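Single-structure report; data block below.
The values are calculated or read from the model by the stated rules, or taken from the named source; none is laboratory data. Remember, predicted model here, so these are calculated numbers, not experimental data. Neighbour counts are summed over all protein chains in view; Cβ atoms, including those assigned to glycine, are modelled from backbone coordinates with ideal geometry.
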Amino acid sequence: MRILFQEKSFSSLFSIVFIMLILFLSGCANNKTLETDAESVEISEIDPYEGFNRKMFVFNDVLDTYVGDPISDAYLWITPQFVQTGVSNFFSNLNGINVFINAFMQGKGKQGAEDTGRFLINSTFGMFGLFDVATDIGLEKHEEDFAQTLAVWGVPQGPYLVLPVLGPLTTRGIPGGIFDAVANPATYVGMPIQFLQILQVVNTRANVDDELNFIDEAALDTYLFTRESFLQYRKNLIADGKLDDADDLLDLDDFDEDGLDTSEDDVKANIAPETEAIENKVQRRQQDSLDEVVESIDTASDRTQ
Amino acid sequence: MKILSNKFYTCFLIFFLSFGNSIALAETKIKAESTASATEQISAPKKVVIDFQNALLDAMKQGESLSFQARSKQLEAAILKSHDVIKSLRTIVGSKQWKGFTEEQRAKLSKVFTKFIVSTYAANFNEFANESFVFVSEHTTKKGNVIIRSIFEIPESKRKKVTFDYALKKSADNWKIYNIAADGVSDLATRRSEYRRILAKEDGFNSLIAIISKKIDNYAK
């Protein structure tokens, strides 16, 4: 899941896709009713463009079946495991710059320092990032990107979108993706080694092979399964995986044996505190991390003295 | 100038190295403390989760020698013992929908759903490569439910980690798992949107049964 649902790294392809998308969305913005099969189905608020998204989802799926999957299989077959690991580490390390920038921008001082350390150590002792020595000495890898930073800053997530080739994101992920691309050195690799970027795409696809197979087997509706998983996974990343007292993991308690139907109220009642809890969490964390920054600056100045 | 910048760089690196190490040390200390307190007493919900995880690891270790059917049978016992499958199902479809079902439909859906859950486990936990579950925390929610967090560690070269949150509710006899979230993705929430969508269509009940049955057959292949 991890790699599968990172906001995608964008290439120059992005601008074309983006313009196409704007044209398309402005064309269908008025057409909000969705018709599937015979009945019209209640549309989720987060996914007003489900009709368009489903088409893109099918497009991506077909593309993956005929292009992504065979190439990924070939890659997994011809490259030994240590090469695959090296390639993954290398690109993950390049992305490390973006990780620590975003950690700092979210006010996570201590984590930002760790992530900077990770990047420096892996870029030097780890042979340009081919080896992840930082994890061995206890500097864990974190997942940060600009879309998460925007969320922490209070930018609303916006509707869910499935883009051709790039896959699922929410509109917050568009500026997010652009920023991430700008902050990633792989974006600036010139013509002679553009091979590198292709390798990155192939490697990313190969890394999620198991996850995609799992979804294919387990999902009753792959589109909905992917959407729900994506949205929840991103939410979890933004909250840095923290649980709190309000987090019941969906105990709707909605079943009353005597026949009193309380389900709908309960669902609604549960959703509101949930969003509130996240907002509180974010605020609290901003305060916490501010304290951390101050603390880390203090320790740093102590050391230099 | 060059020497100077090198020197600066080394200082920088040393700073981060020592910084990183102190963090790592602090973390191992915390870990050691939590495991020390954990051995003192294992709470009832935690025991349910650990027993279930051990059953999963057992099934994985026998992966080569057991057939899919045999593994399903073995896991079914472990799942029924630790999970409140029917509560999960009711939450997924919603109480309104559940009450709309006839007694017969409920029984049929429960049976198919349970088989689906078991098959999913049997198909995915079928080999062992030194994976392990590491207990992280136990957390009581406002409603009095318990969430057990643990990390599924996949060693070898892949170095993957999945955080599993098990949500348990106390039922008449014991604590039972009603939901599991993997890296924050809640099983019930995902299924809820799928199942409710299918049920909302014409002849929804029968098509739901048909789709799930097809998935089960696919796993058994």
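Answer with yes or no whether B:Ile117 is within 12 Å of chain A (Cβ to nearest Cβ) and modelled with pLDDT of 95 or more. In short, yes.
Of all residues in segment B:84-140, those satisfying the criterion of being assigned to a helix (DSSP H, G or I), of a type in the set (S, T, N, Q) and in contact (Cβ under 8 Å) with a residue 12 or more places away in the chain are B:Ser88, B:Thr91, B:Gln97, B:Gln105, B:Ser110, B:Thr114, B:Ser119, B:Thr120.
Here A:Val99 meets the list (1) under 24 Å from A:Thr222 (Cβ atoms); (2) among the β-branched types (Val, Ile, Thr); (3) buried (at least 16 other Cβ atoms within 10 Å of the Cβ) almost entirely, failing just condition (1).
As a summary of the residue check, A:Thr222 satisfies the conditions (1) polar (S, T, N, Q); (2) more than 10 Å from chain B (Cβ to nearest Cβ); (3) over 15 Å from the mean Cα position of the chain (by Cα) except for the one numbered (2).
Please indicate, with yes or no, whether at least one residue in segment B:151-163 is within 8 Å of chain A (Cβ to nearest Cβ) and surrounded by 20 or more Cβ atoms within 10 Å (Cβ to Cβ). No: zero hits.
Restricting B:Lys96, B:Lys143, B:Lys111 to those that are in contact with a helix residue (DSSP H, G or I) (Cβ under 6 Å, 6 or more places away or on another chain), loosely packed, with under 14 Cβ neighbours inside 10 Å and either at pLDDT 95 or above or not β-branched (Val, Ile, Thr) (or both) reduces the list to B:Lys96. From the list B:Leu199, B:Leu168, which one is outside any strand (DSSP E or B), of a type in the set (A, V, I, L, M), in contact (Cβ under 8 Å) with a residue 40 or more places away in the chain and more than 20 Å from B:Met60 (Cβ to Cβ)? Selected residue: B:Leu199, the only one of B:Leu199, B:Leu168 that is outside any strand (DSSP E or B), of a type in the set (A, V, I, L, M), in contact (Cβ under 8 Å) with a residue 40 or more places away in the chain and more than 20 Å from B:Met60 (Cβ to Cβ). Against the conditions (1) over 22 Å from A:Ile215 (Cα atoms); (2) in contact (Cβ under 8 Å) with a residue 12 or more places away in the chain; (3) not aliphatic (A, V, I, L, M), A:Thr79 satisfies every one except (2). Here B:Asp173 clears all of (1) without any contact (Cβ under 8 Å) to a residue 12 or more places away in the chain; (2) closer than 16 Å to B:Lys46 by Cβ; (3) more than 7 Å from every other protein chain (Cβ to nearest Cβ); (4) not aromatic (Phe, Trp, Tyr) except the condition numbered (2). For segment B:183-195, a residue qualifies if it is closer than 20 Å to B:Val146 by Cβ and more than 7 Å from every other protein chain (Cβ to nearest Cβ), and exactly one does: B:Asp187.
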